[in-house]
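The values are calculated or read from the model by the stated rules, or taken from the named source; none is laboratory data. What you see is a predicted model; the values in this text were computed from it and never measured. As a convention, Cβ positions derive from the backbone with ideal geometry for all residues, glycine included, and neighbour counts pool all protein chains shown. These accessible areas exclude ligands, DNA and RNA; they are computed on the full protein's heavy atoms, side chains included. Shrake-Rupley method; radii C 1.70, N 1.55, O 1.52, S 1.80 Å.
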Amino acid sequence: MFNVNAFVFVSIFCASVESGCPPGWVSHASSCYHFSHDTEEWIGAVDICRELGGQLVEIEDAAEDQFILSQARKRGDSFWIALSDIQKEGTWVWMNSKTPLAPGDYTHWENGQPDNDDGDENCVNLEDNFNNLWNDFPCHEIINYICERPNEDASLFG
């Protein structure tokens, strides 16, 4: 049986001094990213990222998106991100910061997305079938996810 608390404890205390990121996390700019090998529903991904000391990733700009896309494409999986319109259809909100997408905000939707196919697509993933561009997707589907947390070295030296 996997013990999440023991994993979090070990992850925190085995953090790499060089990168400022725990083992299993990748450093970029001022953040550390964890590209999961396990799969979860969207809400489960939100919870696990919190247990790991981070949050489900919020993509803020093209530079961050390009880094995440390159990593996701190497892995060949679809990944949850923190964007959802679960509270109000068509109003996309970054669920950690509670920040709604506004006109002019950075997005990277696949052509024709979001489309709320079958009236049941309220969470956003980087869809491997769409070259990892943004796609609205049913929140109950079980896929990989990306967590983000601050890079301790970047906050000390950046």
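Of note:
- Of the candidates Trp109, Trp94, the single residue that is surrounded by 21 or more Cβ atoms within 10 Å (Cβ to Cβ) and not charged (D, E, K, R) is Trp94.
- Scanning segment 42-73 for residues that are free of Cβ contacts under 8 Å to residues at least 12 places away in the same chain, more than 20 Å from Ile142 (Cα to Cα) and open to solvent by 70 Å² or more (accessible area, probe 1.4 Å) yields one hit, Gln66.
- Test: residue in segment 135-153 that is in contact with a Leu (Cβ under 9 Å, 6 or more places away or on another chain) and assigned to a loop (DSSP other than H, G, I, E, B): no
- Members of segment 91-104 that are in a loop (DSSP other than H, G, I, E, B) and free of Cβ contacts under 8 Å to residues at least 24 places away in the same chain: Thr91, Lys98, Leu101, Ala102, Pro103, Gly104
- Screening segment 74-85 for residues that are farther than 27 Å from Pro100 by Cβ and touching a strand residue (DSSP E or B) at 6+ places or on another chain (Cβ under 7 Å) and picking the one that is most open to solvent (accessible area, probe 1.4 Å) gives Arg75.
Quick grid of which residues meet (1) over 12 Å from the mean Cα position of the chain (by Cα); (2) closer than 29 Å to Ser27 by Cβ; (3) assigned to a loop (DSSP other than H, G, I, E, B):
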site: Glu64; (1), (2), (3): no, yes, no
site: Leu69; (1), (2), (3): no, yes, no
site: Arg73; (1), (2), (3): yes, yes, no
site: Trp80; (1), (2), (3): no, yes, no
site: Leu83; (1), (2), (3): no, yes, no
site: Lys88; (1), (2), (3): yes, no, yes
site: Tyr106; (1), (2), (3): yes, yes, yes
